[in-house]
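Note sheet for the following structure.
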C-alpha cells in the first residue's frame with residue numbers, strides 16, 4: 001500500500017480504513033500520505049473490508065488497473081538512465097508468489113523492466129504485489145502476446161537473450177559474461193524454458209548442484225541469476 005502511494009502510477013480512488021482501527025504510526029503515515037495526494041479517506045466495517053481485501057490489516061486502497069508498458073518504453077527508460085539494458089522475461093511462470101519474489105529481487109538489482117506473456121502465466125495480482133513487498137508498483141511491466149517474438153525483437157536491438165536452464169549446452173554461471181545488454185529469461189516452475197524460447201536464447205546458463213534435488217525453486221534461481229548479472233557488470237574481467 002505504501003509503495004502504491006509512493007509510485008503514484010495507478011489511479012487511486014480512495015483509502016478505506018476499518019472502523020475502530022488503532023491509530024498506529026503506520027496508519028498515520030498512510031493516512032497522511034493519502035491526504036497529501038488528495039485521496040479520499042473513508043471508513044467501513046471490518047467485515048466488509050475483509051470481503052474485498054483479504055489480509056488487509058485494517059486498511060485497503062481502491063485502485064485502478066495495474067499500468068503496463070511497451071517493451072520499447074523499457075529500453076527508453078534504461079537509455080534515459082544511461083545504463084546498459086537489463087530486462088527480465090518470465091516464460092509462463094504460474095505461481096504468483098514466485099513472480100512477486102522475482103519482482104522484489106529485480107527491484108533490488110536494478111532491472112529496468114519485466115516481460116510476461118498474456119496467457120498461461122501469473123499476472124500482476126494483489127498477491128504478486130504483496131509478495132513483492134510493493135516492488136511491483138515501481139516496475140515497468142510489459143505484457144506480450146508472443147514472448148518469443150518479443151525476445152527476437154530485443155535481439156534486433158542488440159540485446160542478448162540469456163536463459164536460465166539446466167541443459168547440456170548451458171554454461172556454469174561463474175563462466176558467463178553477463179555484462180552486455182541482455183534480457184534474462186526464466187522458465188516455468190515445472191517445465192523450465194519452453195522449447196521455442198530455448199531456441200531463441202543466445203546462451204543458457206546453469207547453477208551447479210551437488211545435492212539430491214535436481215532443480216532450484218524458480219524465484220531462487222532467478223534471484224541468483226539476477227545478482228550474477230549485477231556482479232558481472234561491476235566486477236567481470238574476461
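Provide Rg over Rh for the stretch 2-63; use the alpha carbon set for both Rg and the Kirkwood Rh (inverse mean inverse pair distance).
0.93
How tilted is helix 218-235 with respect to the longest principal axis of the chain? Cα atoms for both, answer in degrees (0 to 90, nearest 10).
Long axis of 218-235 versus the principal axis of the chain: about 70 degrees.
Suppose a student asked you for the relative contact order of the chain, using Cα pairs under 8 Å spaced at least 6 residues apart; what percent would you report?
Answer for the chain is 19 percent.
Any idea how far the Cα center of the stretch 188-235 sits from the one of the stretch 44-121, in Å?
20
Does anyone have the angle between helix 96-109 and the longest principal axis of the chain? Alpha-carbon axes, 0 to 90°, nearest 10?
The two axes meet at around 80 degrees.
If I take the Cα coordinates of the chain and project them onto the principal axes, what are the three extents in Å, biggest first?
Sorted from largest, the Cα extents of the chain read 60, 44, 34 Å.
Mind ranking 227-233, 133-139 by how tightly packed they are, going by the mean number of other C-beta atoms within 10 angstrom, highest first?
133-139, 227-233
In degrees from 0 to 90, rounded to the nearest 10, what is the angle of the helix 25-36 Cα long axis to the longest principal axis of the chain?
Its long axis makes an angle of about 90 degrees.
Suppose we keep just the DSSP beta bridges with both residues in the stretch 2-63; what percent of those would be antiparallel, to 5?
Rounded to the nearest five, the antiparallel share is 55 percent.
Need one number: % antiparallel among DSSP beta bridges in the chain, to the nearest 5.
So the antiparallel bridges amount to about 20 percent of the total.
In which sequence would 212, 155, 80, 166 go, from the one with the fewest C-beta neighbours within 10 Å to the one with the most?
Listing 212, 155, 80, 166 from fewest to most nearby Cβ atoms yields 212, 80, 155, 166.
Mind ordering 85-92, 167-174 by average Cβ neighbours within 10 Å, highest first?
85-92, 167-174
How would you order 217-224, 63-70 from highest to lowest mean count of nearby Cβ atoms within 10 Å?
Order by mean packing, descending: 217-224, 63-70.
Where a number appears in this text, it was derived from the coordinates with a stated rule and is not lab data. Everything numeric here is computed off the predicted structure, so don't read it as measured data. A quick note on method: Cβ atoms are made from the backbone with ideal geometry, for glycine too, and the neighbour counts reach across all protein chains shown.
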